[in-house]
Every structure is written in C-alpha cells, then in structure tokens.
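Written below as structure tokens is the structure these notes are about.
The values are calculated or read from the model by the stated rules, or taken from the named source; none is laboratory data. Just so you know, these numbers come straight off a predicted model, no measurement behind them. Backbone-built Cβ (ideal geometry, glycine too); neighbour counts: all protein chains shown. Note: areas computed on protein heavy atoms with side chains; ligands, DNA, RNA excluded. Shrake-Rupley method; radii C 1.70, N 1.55, O 1.52, S 1.80 Å.
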Amino acid sequence: MASVPVIDLNNLTTSPTADEALEAWYKRNPPISDEDANPWDVSRAELYSKDLWRKPFAEMREQAPINKVEGGVHGDYWNITTYKPIQHVEALPDIYSSDVEHGGITIAEPEFDDSDFQLPMFIAMDRPKHTGQRRTVAPAFTPTEMQRMEAEIRQRTAEVLDGLPWDKPFDWVDKVSIELTTGMLAILFGFPWEDRRLLTYWSDWAGDVELSVAEDLTEQRRQILYEMGAYFQQLWNERVNDEPTPDLISMMIHSEAMRDMDPMEFMGNLVLLIVGGNDTTRNTMSGVAYGLSQFPEEREKLQQNPDLIPNAVQELIRWQTPLAHMRRTALEDHDLFGHQIKKGDKVVMWYISANRDEDVFPEADKIIVDRENARRHLAFGYGIHRCVGARLAELQIRILLEEMHKRRMQVNPTGKMRRVHACFVHGFRELEVELSKY
Ligand code: HEM
C-alpha cells in the first residue's frame with residue numbers, strides 16, 4: 001500500500017495533462033497494430049481516436065450482438081452491443097454488479113486497491129447502499145432546482161458566446177465546451193472561480209480508463225487524485241461550520257440526509273458529481289458543433305424552427321454518446337438471451353452501439369433533429385443507475401442551442417481536430433471552428 005503524500009495546496013500539479021502523459025506513454029509502448037488486433041476487441045482506444053468504431057459495432061449487431069472477447073486490451077469481456085440486452089442487464093442489478101469490489105463500472109480494472117485511497121462513489125455501489133446515497137443527491141436535480149438554475153446558466157452561456165471571435169478560427173473545445181462545463185460546475189458547487197480549470201485537469205486524470213493500462217503512470221495519477229481529494233477536503237472543512245449558502249457543497253453538507261454521511265463518502269460523491277458532469281457534458285457540447293456541421297440539412301431545419309431544440313438535444317446526446325460504455329460484473333451464472341454468462345464475467349454495455357441499433361433508431365448514424373424517439377437513447381444508461389444529472393446536462397445543452405440561435409450563430413469546423421483516445425469517454429480534445437451568421 002502506498003503511503004499518503006503530504007499535499008501542498010499552493011503548489012498543485014497542473015501538467016502534464018492526462019492526454020499528454022498518455023501520448024508520451026504510447027510512444028514508448030506502441031499499441032498492437034490494427035492488422036493484428038481482434039477486430040471485435042472494441043476496447044482498443046485507436047478505434048475511437050481514429051473514428052473507426054462504427055464498422056465493428058455494425059458487424060457485431062448484425063452477426064453476434066452478444067459475444068465474448070478473449071485477451072482484449074483490458075482482458076476478457078462480453079460485448080453487449082444492441083439495445084434490448086443492455087436494458088435487460090441494467091434491469092438486473094442484483095445479478096450484474098456495479099460495485100468497485102467486484103470490478104466497478106469501466107472495462108478497466110480498478111487500479112487502486114488500497115482502501116485509504118478509494119473514494120466511495122455511489123455509481124460504483126450496489127443496492128442497498130446505492131439507493132440511500134443516490135437519494136441524498138437526487139434533490140439537487142429536480143425540475144424545480146433546474147428552473148432555479150436556468151437564469152444563471154443562461155447568463156453564463158451568453159457571456160461565453162459573446163466573447164467568441166467571429167473573424168478568426170478558434171478551438172471550440174477549449175473556448176466553449178470546457179469553459180461552459182467547468183464554469184457551470186464551479187458556479188453550482190461554489191468552486192473557486194480562478195481554479196475552475198483544475199476541474200478539467202482532474203476530471204481527465206480521473207476519467208481516463210486508458211491510464212490503467214499504462215502502469216508506470218499509476219503513481220503520477222495517484223498523486224494528482226490525492227491533490228484533488230485534498231482540495232475538496234479543504235472546501236469541505238471551510239464550509240462545514242459555515243452558515244448554509246446556495247451552492248451544492250453547502251446544500252449537501254447541511255442537508256438532513258447527508259448530515260450523517262462519512263466525510264470520505266461525502267467527498268467521493270462530490271467528486272463523482274463533478275467528474276460525472278464534466279467530460280460528458282463537455283463532449284456533448286463539442287458533438288453539437290461537429291455533429292450539426294455533418295448534416296447541413298438537419299442543421300438548417302433546426303435553424304428555421306427553434307421549437308425543435310428540445311428534441312434536438314436528445315438526438316445530439318444520442319448521436320454523440322459521450323460515455324461509450326459502462327461495465328458490470330456477473331455475481332452468478334446467468335443465461336443472457338442464450339449466452340452463458342459465468343459468475344465473475346465482465347459484461348460491457350456499449351451504449352455507443354445500442355444508440356446506433358437500427359431496430360430502434362432507423363438511419364441511426366444520421367442526426368435527425370425531429371427524430372420521433374430520440375428520447376429513448378441509452379446515453380444516460382437505464383435502471384437504478386440512470387444518470388442522476390441528466391436534467392442538468394439537458395438544460396445546459398438546450399440553453400447552448402437557444403443562445404446560439406439568438407445570435408444566429410453557425411459553427412463551421414475547419415477540419416483541424418483531435419478526438420479523445422479512449423474507449424470510455426467519447427469525444428473531442430480539439431475542434432477548430434469558424435463562426436458564420438445564418
Ligand atoms: C451516471 C451519462 C451528465 C452525474 C451516469 C451513467 C451514464 C451517464 C451513462 C451511468 C448509468 C448507468 O450505469 O446505467 C451522462 C451523460 C451526461 C451526463 C451522457 C451528459 C450528456 C451528468 C451530469 C452530472 C452527472 C451533468 C452531475 C452534475 C452522474 C452521477 C451518476 C451518473 C452522479 C451516478 C448515478 C447512479 O449510479 O445512480 N451518467 N451523464 N452526469 N451521472 Fe451522468
């Protein structure tokens with residue numbers, strides 16, 4: 001077990017980014033070549049950074065929607081690639097566990113097995129513990145709370161859009177997606193404004209499952225995540241004896257339900273909310289810019305009829321699917337539509353593929369802004385773990401589209417772009433764009 005380092009909060013690590021560290025690591029350890037790889041081992045990060053994931057998933061949906069991969073990048077696992085069996089697995093949480101003790105929620109194995117580091121988060125817990133903890137944060141995401149937040153989110157979105165240059169190209173990921181997501185979370189949680197980019201930095205180091213393969217980066221990652229923990233610990237310490245304020249941290253500290261929560265659990269859930277709301281919303285915002293540019297007729301439909309915005313929000317989330325998968329571990333032998341899943345097997349639910357299931361979404365690769373059943377997408381998961389922040393994410397994307405429409409802002413990618421190299425977070429590192437009016 002590694003010892004807990006002393007953290008100097010005035011001297012936090014801010015480089016390299018998780019992406020830079022991994023890029024350097026891949027130079028030292030080149031991945032297996034495409035020709036030698038099992039084409040259905042869709043845990044290979046290259047499939048996503050090179051945008052080559054559609055073909056293997058389409059093949060699997062057609063030929064073997066449930067299949068087992070042996071010796072994949074992250075070991076042996078079951079691919080679940082169509083809509084119905086994913087819903088089925090999610091509806092059986094007592095058989096298919098999310099608990100970190102059994103393997104957690106991503107295809108990568110949990111790296112840190114020392115309990116002094118592992119922050120307990122309810123996304124990686126089973127019933128009954130999950131139920132109680134989810135109940136404590138759910139009130140922060142009710143429709144009434146969303147209404148309360150709307151004006152502030154709108155004002156912040158307007159400020160960011162009004163600060164964009166119309167006469168030269170810029171990176172939409174940096175100037176819009178990251179700025180809006182971290183800014184919003186900083187406002188919601190009362191996180192110190194000047195430090196808000198730390199949220200992005202930490203979120204990337206916390207959420208990048210590829211790092212688990214790069215064993216020699218584990219210590220670096222541990223140090224950075226310790227720093228994140230220490231920072232939140234300080235926020236908690238500062239606020240625990242203060243009068244309640246309207247931010248979420250204070251709300252959570254002072255809520256009836258949370259009052260008795262163990263500080264580590266409180267912290268774990270805080271980190272979960274921040275990390276959970278960061279990459280996901282960020283990459284949907286990038287998907288909005290890129291996706292609409294790929295389907296100009298649909299974009300025009302939306303530009304002409306802004307009443308379609310709420311439906312387009314769902315469709316864009318479906319199309320982007322910013323978390324490609326969630327993982328479960330079987331707690332007992334189970335027959336899954338004729339496939340014998342064994343106790344201990346790793347089961348990977350590919351939302352990115354279920355959201356392209358043509359039996360549910362005809363012309364699934366296409367964005368159709370008035371698609372009738374766009375809301376049925378599985379990007380937020382399903383069942384007891386369905387994203388608790390879904391309403392907040394939808395609100396942010398809806399406001400972004402509405403504010404873009406008010407400014408008649410059309411976003412045109414220039415072609416310079418870089419996708420995330422990962423099989424979990426699905427999105428963009430960089431997306432250069434130019435603006436025009438319509
Ligand atoms: C859970 C996706 C935004 C907080 C999840 C799950 C997915 C997901 C796939 C797991 C569902 C499952 O296992 O069945 C997304 C997407 C988002 C988004 C696509 C944006 C487009 C947010 C936001 C927050 C958030 C904004 C909070 C600020 C959470 C939490 C959980 C969760 C706390 C755990 C729920 C549980 O285990 O009961 N999300 N999320 N998410 N998400 Fe989100």
**Complete:** Quick count over the stretch 61-76, residues being in a loop (DSSP other than H, G, I, E, B) and at pLDDT 95 or above, is 2
**Prompt:** Under 6 Å by Cβ, and 6 or more places apart or on different chains, what pairs join a residue from the stretch 119-140 that is assigned to a helix (DSSP H, G or I) and among the hydroxyl-bearing types (S, T, Y) with one that is more than 8 Å from the ligand (Cβ to nearest atom) and open to solvent by less than 40 Å² (accessible area, probe 1.4 Å)?
**Reply:** T136/M258
**Request:** Check the stretch 403-424 and report whether any residue there is more than 29 Å from S98 (Cβ to Cβ), within 16 Å of the ligand (Cβ to nearest atom) and open to solvent by less than 20 Å² (accessible area, probe 1.4 Å).
**Result:** no
**Asked** List the pairs whose first member sits in the stretch 209-226 and is over 18 Å from N11 (Cβ atoms), whose second member is open to solvent by 30 Å² or more (accessible area, probe 1.4 Å), and whose Cβ atoms are under 7 Å apart, counting only residues at least 6 apart or on separate chains?
**Response** E210/H421; S212/E109; S212/E111; V213/V73; T218/E111
**Fill in**
Filtering the stretch 325-369 down to residues that are polar (S, T, N, Q) and within 15 Å of the ligand (Cβ to nearest atom) yields T329, S353, N355
**From the options L164, L217, residue that is away from the ligand (no atom under 13 Å from the Cβ), at pLDDT below 90, farther than 14 Å from L273 by Cα and open to solvent by less than 20 Å² (accessible area, probe 1.4 Å)** = L217
**Item:** Criterion (farther than 27 Å from P56 by Cβ, open to solvent by 20 Å² or more (accessible area, probe 1.4 Å) and not basic (K, R)) met by exactly one of E430, E434
**Value:** E434
**Request:** Provide a single number: the residues in the stretch 240-254 that are in contact (Cβ under 8 Å) with a residue 24 or more places away in the chain and buried (at least 16 other Cβ atoms within 10 Å of the Cβ).
**Result:** 6
**Message:** One residue is enough: does the stretch 170-178 have a residue meeting the conditions part of a helix (DSSP H, G or I), among the aromatic types (F, W, Y) and at pLDDT 95 or above?
**Reply:** yes
**Request:** Take the stretch 301-324 and flag every residue that is more than 21 Å from E432 (Cα to Cα) and either among the aromatic types (F, W, Y) or away from the ligand (no atom under 14 Å from the Cβ) (or both).
**Result:** K301, L302, Q303, Q304, N305, P306, D307, L308, I309, P310, N311
**Item:** Filter result (assigned to a helix (DSSP H, G or I) and not hydrophobic (A, V, I, L, M, F, W, C)) within the stretch 262-272
**Value:** P263, E265, G268, N269
**Fill in**
In the set D279, D335, the lone residue that is acidic (D, E) and in contact with a helix residue (DSSP H, G or I) (Cβ under 7 Å, 6 or more places away or on another chain) is D279
**Message:** Under 9 Å between Cβ atoms, which residue pairs at least 6 apart in sequence (or on different chains) link something in the stretch 391-413 that is over 12 Å from V288 (Cβ atoms) and in a strand (DSSP E or B) with a partner that is within 16 Å of the ligand (Cβ to nearest atom) and among the charged types (D, E, K, R)?
**Reply:** none
**Residues of the stretch 266-292 that turn out to be more than 10 Å from the ligand (Cβ to nearest atom) and open to solvent by 10 Å² or more (accessible area, probe 1.4 Å), as a count** = 2
**Complete:** When the stretch 1-60 is checked residue by residue, the ones that are among the aromatic types (F, W, Y), part of a loop (DSSP other than H, G, I, E, B) and open to solvent by 20 Å² or more (accessible area, probe 1.4 Å) are W40
**Residue match in the stretch 370-387 (condition: of a type in the set (V, I, T) and more than 16 Å from the ligand (Cβ to nearest atom))** = no
**Message:** I'd like to check something: does the stretch 6-29 contain any residue that is farther than 26 Å from Y226 by Cα, of a type outside the set (K, R) and out of contact with any Phe, Trp or Tyr (no Cβ under 6 Å at 6 or more places or on another chain)?
**Reply:** yes
**Message:** Is it the case, given these coordinates, that R156 is in contact with a Gly (Cβ under 6 Å, 6 or more places away or on another chain) and either at positive phi or part of a helix (DSSP H, G or I) (or both)?
**Reply:** yes
